[in-house]
Amino acid sequence: MQDKTTKERIKSLQKHLAEENPLLVSVVDKFIELDRIGLSLGVLNSRDSYTTEISWWPLISILGTFSAGKSSFINQFIGENIQKTGNQAVDDKFTVLCFSSDNNVRVLPGIALDADPRFPFYQMSEAIEKVAEGEGERIDTYLQLKTCPTDVMRGRILIDSPGFDADAQRRSTLRITDHIINLSDLVLVFFDARHPEPGAMQDTLEHLVAGTVRRKDANKIMFILNQIDTTAAEDNLEAVVAAWQRAIAQGGLVSGSFHTLYNESAAVKIEDESLKQRYERKRDADLGEITKRISQVSVERAYRIIGALESFANRIEKEIIPEIETAVGTWRRRVMVADAVVLIPLLIIFMSYTLSHGYWSGMNFSVPGTGGEDNQIFSYGVLAIVVIIFVLIHFLIRGVMARIYARGLAEEGYYGNLRNAFLKNTQWWRSIFSRSIVGWSHKAQKNISQLRDSADNFIQKLNDQYTNPSGKA
């Protein structure tokens, strides 16, 4: 069962959604049903919920290297100088920007995000603590919330990230980066055209691109080569763009899109008028595509949430269950091999010893030369002790093999807590020959099917809000 804090957080989420999108309140109910299945399987613990795996408000993340123009782009998009800009690391925190009716821009500490389930980074301090002990208590050094009294921010959340090619708390920063990529509806990844050698940013490319390749929603990521005006002096825009595209392609990326930008207010002056127009046309076309994608996230968010419900349901049935079955099957075979390696030699030694001393003479289990009922009972007792020892050795082997195999399974990630689910299926009282998975009953399978049907019904209700195929009034 989920703990009290998690239940209260979900109720709070439903309360806020009731004011903005009542349809999503019913969707949360279905996520709660999915949580019950996850808890039964062991891929969720009492403090987990699938509701925290997505953002319930449209979320756009701005990632990239230092001095790549992330903050300048945000200021340009918002229409105000909200974020500091500069060639050096002017801000080393993840900044969540959201709308406020207050006319003042306010900067709130990271705990404002860590403790509020409406925002990304809820309970992020715990995730940081897992990769950097003691850092979880310093959440304010990683996160901040900034309010923006501008209409363009209504109905959406932006995240500005620190450049992570020179960060002191690198593991924690990358952990947060992965988290916001998972939550985001749109991810803009900025690179600096003033550094034309992509190899210099290889670490950044490997983390972002390699991670993107494995994603099923990689099309939500847009790669942006910023400050392309710096290439005008040599008129080698196409060559620079091609170099970056090759670097990304070498990482295996086959999804996402690639765009070029520059900020005219800070641009290098381009003397050649025809060249200037060519650069402006390219910039304006790409900026138009980026702006269009940003404007779509509000509509896409509800669809994405419902899609996530169906995706989680499918993931449980088609990926998590087979993964658990594979893990348990491998463990079972290893235990049987280990049993054979350890117990058979012990059995041979035991039989050789007892036979050589005549313990089996006449099959009466009595000690030769002593006779009597007491000695026969004694022999039965010795045999029982030996059997118990063999059984205990078997269970010891089971436990050791389970713990060894569990080390290679993820405690958290795309599949959920596979390690916990696996260990739940290898507990000592479960038969090693059992083919059933704990928590995966016919009822659970039926519930998964019903959740998929519910997701389809929710999509149809959303379509009724935005489409009208019949054309009737």
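The values are calculated or read from the model by the stated rules, or taken from the named source; none is laboratory data. Just so you know, these numbers come straight off a predicted model, no measurement behind them. All accessible areas refer to the heavy atoms of the entire protein, side chains included, with ligands and DNA or RNA removed. Shrake-Rupley method; radii C 1.70, N 1.55, O 1.52, S 1.80 Å.
Some points to look at:
- The heavy atoms of Ile159 present about 0 square angstrom of accessible area, all protein chains included, probe 1.4 Å.
- Counting only protein chain heavy atoms and rolling a 1.4 Å probe, the accessible areas of Asp456, Asp192 rank, largest first, as Asp456, Asp192.
- Out-of-range pairs (alpha-carbon distance over 21 Å; input Lys4/Lys318; Lys30/Lys461; Lys70/Lys146): Lys4/Lys318
- Legend: residues Lys424, Lys146, sorted from most to least accessible area (1.4 Å probe; ligands, DNA and RNA excluded), read Lys424, Lys146.
- Heavy-atom SASA rank of Lys84, Lys93, Lys282 (probe 1.4 Å, accessible area, largest first): Lys84, Lys282, Lys93
- Counting 0.36 nm for each residue step from Ile393 to Glu271 and taking away their Cα separation leaves a gain of 35.6 nm.
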